[in-house]
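Worksheet: one structure, shown below.
What follows draws every value from the coordinates through simple rules; no lab data is involved. Since we're looking at a predicted model, the values are computed, not measured. Backbone-built Cβ (ideal geometry, glycine too); neighbour counts: all protein chains shown.
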Amino acid sequence: MLSTDDRHEIDDVLALHGHLFDRGHLDRLHEIFTPEVVYDLSDAGVGTFEGIDAVRAAAIRLGDDNPLAHHVTNVVIAEQTADEVTVHSKGLVIMADGTLSGVDHRDTLRRHDGHWRISRRVVTAARRGGTTS
């Protein structure tokens with residue numbers, strides 16, 4: 001069972017992601033990712049990046065095409081062990097052209113140097129779910 005402190009730290013890591021990327025603090029990505037993070041944006045046609053340096057380089061390459069703002073919401077811890085959790089969340093992304101996009105995150109966080117960090121993030125476009133009649 002996760003402690004309340006663990007849950008707060010996990011929420012903080014997910015929230016800090018947007019602050020770091022939106023403010024261009026790419027030198028601080030170690031605060032949210034494990035060194036060997038896998039960041040999967042293949043659903044958006046951008047590809048998958050392995051390691052903090054690759055994630056940072058991809059953000060730098062996007063330059064002015066990077067989203068202006070990332071917002072995370074609806075955080076649910078779906079699976080857990082003592083040192084690893086799977087978290088589902090929703091995201092709203094304001095793109096450089098001003099459009100708004102919805103995304104789904106599936107994150108795996110694990111303890112790294114005594115702190116929770118994202119070791120894998122899969123981002124997919126939000127899609128309409130099934131309906132119940």
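If we count every other residue with Cβ under 13 angstrom of ASP53's Cβ, Lys/Arg +1 and Asp/Glu -1, where does the sum land? Numbers along the way, then the final one.
Values: positive: ARG56, ARG61; negative: ASP27, GLU36, GLU50.
Combined, the nearby Lys, Arg, Asp and Glu give -1.
Provide the FRET efficiency to the nearest 0.05 for the HIS88-ALA54 pair, computing r from the beta carbons and using R0 = 30 Å. Numbers along the way, then the final one.
Details: r = 24 Å, r/R0 = 0.80.
Plugging the Cβ-Cβ distance into 1/(1 + (r/R0)^6) gives 0.80.
Based on the alpha-carbon gyration tensor of the chain and its eigenvalue square roots a ≥ b ≥ c, which shape applies: rounded if a/c is under 1.5, prolate if not and a/b is larger than b/c, or oblate? Provide the component values of the computation, followed by the final result.
Numbers: a/c = 1.72, a/b = 1.11, b/c = 1.54.
Oblate shape, in that a/c is at least 1.5 and b/c is the bigger or equal ratio.
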**Study point:** Under 5 Å, built H, 5+ apart or other chain: amide partners of ALA126
**Key:** GLY102, VAL103, ASP104
Revision key, fill the gap. Exposure-ranked with fewest Cβ neighbours within 10 Å first, ASP6, ASP64 stand as ASP64, ASP6
**Study point:** Structure-based [θ]222 nm, the chain - -39500 (n - 2.57) summed over DSSP H runs of at least 4, per residue, nearest 500
**Key:** -7500 deg cm²/dmol
Review point. Can you put ILE10, ILE94 in order, fewest other beta carbons within 10 Å first?
Key: ILE94, ILE10
